[in-house]
Amino acid sequence: MAKYKIGIVGYFAKGKSRAGGQEAKTCSIDRALKEKYGKKNVLNIDTTDWKDKPFQLLWGLIRLAIQCDNIIMLPAQNSIRIFIPILQDLNFLLQHKLFYSVVGGWLPEYLTKEKKLANRAKKLNCIFVETKSMKKSLNEMGFSNIDIVPNFKYLTPVDEKDLNQAAYPPYNICTFSRVMKEKGIEDIICAVTNINSRYKKVVFQLDIYGKIDDGYLLDFRKIQESFPEFISYKGMVEPEESVTVLKNYFALAFPTRYYTEGIPGTLVDAYMSGVPVISALWGNSEDVFIDNITGWGYKFEDIGDLERVLEKIIENPENFVKMKKSSLECAKKYLPEDAIKIICSYFEK
């Protein structure tokens, strides 16, 4: 039976769109490790629809345990209670290094409620988190196996000479996340509609990109039926096309209602595109969003404050456009080279 240096178990979304954050990060790590060690040294197990084929998944995890020296898992919140215990129990018989790469910023809060799972997680070789705030929170909970690996993407940043410097209305802005209430989609629709109504003309044009969450599909379709002419749903964009699409926009709106975001991939897309962000200030936002440098922020879940930021753009569009260069500069933090070095260093210890 072949041996592999690294095994990866995560949501690769084979046969489906890879427009979501979970699958984008899983595929990026897989690509980076294959470029570093060669395809023949990396085995991956796809967890897509694993609940429909649990025995197939179990066999895949056993294969990883038998054939791989190092295993990286990227389970989402609903799967972490399955993956960590199974892989740790297999590790009791088959010694390998076990790592967890977290997508998002939810883990500290989650583990405060899951004491048994937290004790298991403390025994992993390392947990790779996206932000300083997450590391600090987990350290305070007694974790000593935490390291920071920023979210990264295989994208070519836009050339500075191609930045969209237009600073006149209508200002074309967009969202570029999963379409669901928790991502604040209704907040930005409401704010843009209110501003345009107040000025009695189209000051902001809003385009919505992203996969519509299954549980939100009917609600969104009802909202879509009453879209005014200045709001459009544009469908999904594959990860490698994000810069091509976003670079043409005045701003990206990130009105999330998730207080535990990590390093949202959509902000990385925006920075790579030289596009400043209109962002809700969630719990760890200062780790990735710098107010007045990479965009303008507003109070979490406060539509009135979101409208204040839109008014500020109307009053000072040139000041907002000036942040395009600093947003593009920030993109350098999220290229794969430095991030993957951190992960690979643990394989050699």
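For helix 303-315, report the angle its Cα long axis makes with the longest principal axis of the Cα atoms of the chain; keep it between 0 and 90° and round to the nearest 10°.
Roughly 60 degrees, rounded to the nearest 10.
Distance between Cα centroids, region 61-93 to region 167-244: provide it in whole Å.
39
Would you please give the residues with an amide H less than 5 Å from that of Tyr171, counting only those at least 5 places away or on a separate chain, with H modeled from the backbone geometry?
Phe204, Gln205
Once amide H atoms are placed 1.01 Å from N in the peptide plane, what residues at a sequence separation of 5 or more from Ala280, or on another chain, have their amide H within under 5 Å of its amide H?
Those qualifying (amide H under 5 Å, at least 5 residues apart or on another chain) are Phe254, Thr256, Tyr298.
What distance in nm separates the two pseudo spin-label positions at Asn172 and Asn316, each 7 Å out from Cα along the beta-carbon direction?
So the two model labels end up 2.6 nm from each other.
If I model a spin label as a point 7 Å beyond the Cα along the Cα-Cβ vector, how far apart are those points for Asp49 and Lys200 in nm?
5.5
Positive end of the dipole of the chain, charges at C-beta (+1 Lys, Arg; -1 Asp, Glu), about the Cα centre: which of Phe220, Leu328, Leu58 has its Cα farthest in that direction?
So the residue furthest toward the plus end is Leu58.
Roughly how tilted is helix 80-93, in degrees to the nearest 10 and between 0 and 90, from the longest Cα axis of the chain?
20
Considering only Ile223, Ile29, Ile208, give the residue with the highest GNM mean-square fluctuation for the chain, with springs between Cα atoms whenever their separation is below 10 Å.
Evaluated over the chain, the most mobile residue of the options is Ile223.
How high is the relative contact order of the chain, in percent, counting Cα pairs under 8 Å that sit 6 or more residues apart?
On the way: 634 pairs, mean separation 58.6, N = 349.
It comes to 17 percent, rounded to a whole number.
Return the distance in nm (one decimal) between the two label points of a simple spin-label model at Lys123 and Gln77, each offset 7 Å from Cα along Cα→Cβ.
2.6
Among (i) 38, 20, 19; (ii) 43, 22, 16; (iii) 32, 23, 19, which one is semi-axes √(5λ) of the Cα gyration tensor in Å computed from these coordinates?
(i)
Counting DSSP beta bridges in region 4-149, what percent are antiparallel, to the nearest 5? Don't skip to the end; give the middle numbers.
On the way: 0 of 20 bridges.
That works out to approximately 0 percent antiparallel.
Please give the contour-minus-distance gain from Ile148 to Gln56: 0.36 nm per residue of separation, less the Cα-Cα distance, rounded to one decimal in nm.
Going from the current span to full extension adds 29.9 nm.
Could you tell me how many degrees, from 0 to 90 and to the nearest 10, lie between the Cα long axis of helix 21-37 and the main elongation axis, the longest principal axis, of the Cα atoms of the chain?
50
Among the trypsin sites (Lys or Arg not before Pro) in region 179-254, which ones are in a DSSP loop with at most 12 other Cβ atoms within 10 Å of the Cβ? Mind listing them?
Lys200, Lys201
Stokes-Einstein D for region 160-333 at 20 °C, 1.002 mPa s, Kirkwood Rh over Cα pairs, in µm²/s?
So the translational diffusion coefficient is about 135 µm²/s.
Coordinate-derived values only; no laboratory data. Model, not experiment: these values are computed from the prediction. Using ideal geometry, Cβ is built from the backbone for each residue, glycine included, and neighbour counts are taken over all protein chains shown.
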